[in-house]
Amino acid sequence: MTTPAYSGLGPALTYVHDRPLEPGTLVRVPLGKRELLGLVWEAPGLSLEGLEPGQARAVLQVFDAIPPLNAAWRGLASFAARYYQRSLGEVALAALPPQLRDLQAEQLARKLKRLAKAAAGNPKTQGRQVNQAADSEPQMPESLSVGDTKAGPELSPEQAIALQRFQAADRPALLFGTTGSGKTEIYLRAVQELLEQDPQAQALIMVPEINLTPQLEARFMERFARWGVVSLHSGLTPAQRLDHWLAAHQGRARIVLGTRMAIFASLPQLRLIVVDEEHDPSYKSQEGARYSARDLAVYRAKRESQGRSPAHCRVLLGSATPSLESWRAAEIGRYLKLEMPQRIGGGALPRLRLVNMNHQPKQCVLAPALLESIAERAARGEQSMLLLNRRGYAPVLACHACGWKSDCPHCSAHAVFHKIDRTLRCHHCGYSSRVPYACPGCGNLDIAPVGRGTEQLEEQLVGLLAHARRADGEPIRVLRLDADSTRAKGSLEQQLAGMHEGEFDVLVGTQMIAKGHDFRRITLVASVNADGGLFASDYRAPERLFALLLQAAGRAGRDADFVASQGAAVELWVQTWYPEHPLFAALVQHDYPAFATQQLEEREAALMPPYSFQALVRAEARTQEAAQALLNLAAQAGEPLPGREHLTLYPAVPMAIQRVANVERAQMLIESDSRPALQAFLAAWQEQLQLARSQPEAKGVLRWAIDVDPLAI
Ligand SMILES: Nc1ncnc2c1ncn2[C@@H]1O[C@H](COP(=O)(O)OP(=O)(O)OP(=O)(O)O)[C@@H](O)[C@H]1O
Ligand SMILES: [Zn+2]
């Protein structure tokens, strides 16, 4: 039987072939008038008895040049489909490299022959072979040849203990290591020990965003070139993605380094999964099957170990600010907690300096004391970093005469003012227009930006620091990093490199500058305006804000020798109108455990995850009424379904941003203290949602989707 890789088709379809095919074999099959990639899901090897002639069509091509996808991989795909309430075909297809869909079996066979020949012809570059296609990847130094393994540094005592405990563990492990404690070295060592000891073994290393951590990628490539390292992420060309996928599937690459999507890589000898920065929201997919790659990593390791020793495939989650879900799992012993509280080199974590904005000069962007500190540091050759989680120049333009605001015509959101090209851009639908010369409402010429984004902060900073000089007597250089400044391919890497080389004195940016970077000369980090996160309606907002601030702080003072030689004070400045907020009390101490404990107590009292389980159903329609009606009708129809008695279904409400690209959006939250009950209900409920769609009240519904374990509510 074959599952055509086609979303929207529920159960697997039946095809016949003149010889038995193993489950997991890739095939091409006819569907209607088309020809599609398919995957043999079950192969009962049945005689054709009971099958009417002409009832099942024949398989057209078999991709027998590559081995079938193994049982563990199929188990992962079917679990993910079931758990996240999507069709198996959709999940399995999305997990395969898109180019495979357009390939004939013999084309693939020829390609593989070419690859094998190239590898055999040039053994010196065998390790590199698999990387060649990717032009964005770092070049190996010419001196590197097969057999070279660049030795890493000697482990610190803390690292040595953590690694040893990980190697001996029989459970998923959570590496809770402070920023700059050397978690990456643990990953590298764990991979190295495994691959040396098992000549077949493969390892999967997951990172939130690969472009943000070119250093990490370079370290893996450099140290493990001889074993074949490939990357898997959305920045690859289709051809690269296929090459890398094949290298992993055939075992030529023994290390896969990738983003969320890499969790579905075919790794027949997978024995280790590392999830770096496991708290990062980008591990949760926001489209299609809304899976959590971190959660699937834990599942996958267990599934890969099935029928073998429980420790056959190991999983290591690492973070300085673990998700509360993982933290709790470690607290109750489901995960093994490995702690590394010390920074490499023994440097101190930044001291928190809260800036009470109520006591600052009116309209001030940055507190005078903060500005002064930045200027002093630049004069000494130190760097500073300013975090502002909003890109663009100003979130909105407004007319003070008539109250006109730069609203997006298609969304219930403001269009953001970008001064650089004088446009108003909607960050939700992509709408873009020229800034009007006068107010479209009343003709007033005096329309003004309200609020501040990174673009404006950069501009103001340059002005405010005009008097200051860097160590070489030149004016201070400010670098801005956000989604706008890094749009061109390679520009992010280039700008980051400039920062590392000390070309810039001040780095301004959105959360992307807070993540994982191993900056050596930053001694000051400032959060310009974090207050939004203190009072957001989403119960996860404090968790996210705390993690962001600790991660940002973690970029400062990473080189203890540099700090000592400078005699620098390593500091985290936070500008706030609410200095009394309890979140800051834990931040002063860099006390993640205290913060986590307090948050978990609140969650337990309110029966929030991880003490309960949630799903969010979102509906999109021409009208808000229809979107809500679909959800409410389906909820009524779901009354008799299995698991319902353990569930709370809240009424449908408009989403926080109610309209995007002229589509109305509504959502319904479902909560339960039982995961199995929630799962059983959702599985049965899909049909009710489908039926509700044909009700007159739901006319104009475009689509709906279930988000299991949603991250944002
Ligand atoms: N045993 C060691 N000896 C010397 N230097 C080390 C050792 N281990 C790690 N380092 C160095 O310490 C620095 C910090 O390590 P790393 O970037 O892995 O920290 P991290 O724990 O991942 O921090 P973060 O959570 O902030 O990303 C790096 O420059 C790394 O090369
Ligand atoms: Zn819009």
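The values are calculated or read from the model by the stated rules, or taken from the named source; none is laboratory data. Note that this is a predicted model, so its numbers are computed, not measured. Reconstructed Cβ throughout: ideal geometry from the backbone, glycine too, with neighbour counts over all protein chains shown.
Pairs are defined by a Cβ separation below 6 Å, a sequence spacing of at least 6 or placement on different chains, a first member in region 424-437 that is over 14 Å from Asp484 (Cα atoms) and more than 11 Å from ligand 2 (Cβ to nearest atom), and a second member that is part of a loop (DSSP other than H, G, I, E, B) and charged (D, E, K, R); the pairs so defined are Val435/Arg422. Any residue in region 455-476 that is closer than 30 Å to Val663 by Cβ and touching an Asp or Glu at 6+ places or on another chain (Cβ under 9 Å)? Checked against the condition, which is being closer than 30 Å to Val663 by Cβ and touching an Asp or Glu at 6+ places or on another chain (Cβ under 9 Å), region 455-476 yields at least one hit. Of all the criteria given as (1) free of Cβ contacts under 8 Å to residues at least 60 places away in the same chain; (2) touching a Gly at 6+ places or on another chain (Cβ under 9 Å), the one not satisfied by Pro350 is (1). Condition (residue is under 25 Å from Met340 (Cβ atoms), small (Gly, Ala, Ser) and exposed (fewer than 15 other Cβ atoms within 10 Å of the Cβ)) applied to region 599-619: is it met by at least one residue? No, there is no match, as no residue in region 599-619 is under 25 Å from Met340 (Cβ atoms), small (Gly, Ala, Ser) and exposed (fewer than 15 other Cβ atoms within 10 Å of the Cβ). Kindly establish whether Pro322 is farther than 30 Å from Ser78 by Cβ, of a type outside the set (Gly, Ala, Ser) and either in contact with a Pro (Cβ under 8 Å, 6 or more places away or on another chain) or not assigned by TED's automatic domain parsing to the domain that holds Gln598 (or both). Against the criterion (farther than 30 Å from Ser78 by Cβ, of a type outside the set (Gly, Ala, Ser) and either in contact with a Pro (Cβ under 8 Å, 6 or more places away or on another chain) or not assigned by TED's automatic domain parsing to the domain that holds Gln598 (or both)), Pro322 does not qualify.
Of Arg271, Arg294, which residue is in contact with a His (Cβ under 9 Å, 6 or more places away or on another chain), within 16 Å of ligand 1 (Cβ to nearest atom) and modelled with pLDDT of 95 or more? Spell out the reasoning first.
On the way: Arg271 fails: within 16 Å of ligand 1 (Cβ to nearest atom).
On inspection, the qualifying residue turns out to be Arg294.
For region 566-586, check the following and say yes or no: at least one residue is surrounded by fewer than 17 Cβ atoms within 10 Å (Cβ to Cβ), free of Cβ contacts under 8 Å to residues at least 12 places away in the same chain and either outside the structural domain of Gly502 (by TED's automatic domain parsing) or part of a helix (DSSP H, G or I) (or both). Scanning region 566-586, I find at least one residue that is surrounded by fewer than 17 Cβ atoms within 10 Å (Cβ to Cβ), free of Cβ contacts under 8 Å to residues at least 12 places away in the same chain and either outside the structural domain of Gly502 (by TED's automatic domain parsing) or part of a helix (DSSP H, G or I) (or both), so the answer is yes. Restricted to region 397-421, and to residues there that are away from ligand 2 (no atom under 13 Å from the Cβ) and within 22 Å of Ala661 (Cα to Cα), the residue that is surrounded by the fewest Cβ atoms within 10 Å (Cβ to Cβ) is Lys405. Just the residues that are aliphatic (A, V, I, L, M) and either touching a helix residue (DSSP H, G or I) at 6+ places or on another chain (Cβ under 8 Å) or part of a loop (DSSP other than H, G, I, E, B) (or both), please, taken from region 598-630. Residues satisfying the conditions are Leu600, Ala606, Leu607, Met608, Ala615, Val617, Ala619, Ala621, Ala626, Ala629, Leu630. Looking only at region 376-404, residues that are outside the structural domain of Glu503 (by TED's automatic domain parsing) and over 21 Å from Asp531 (Cβ atoms) come to 7 in all.
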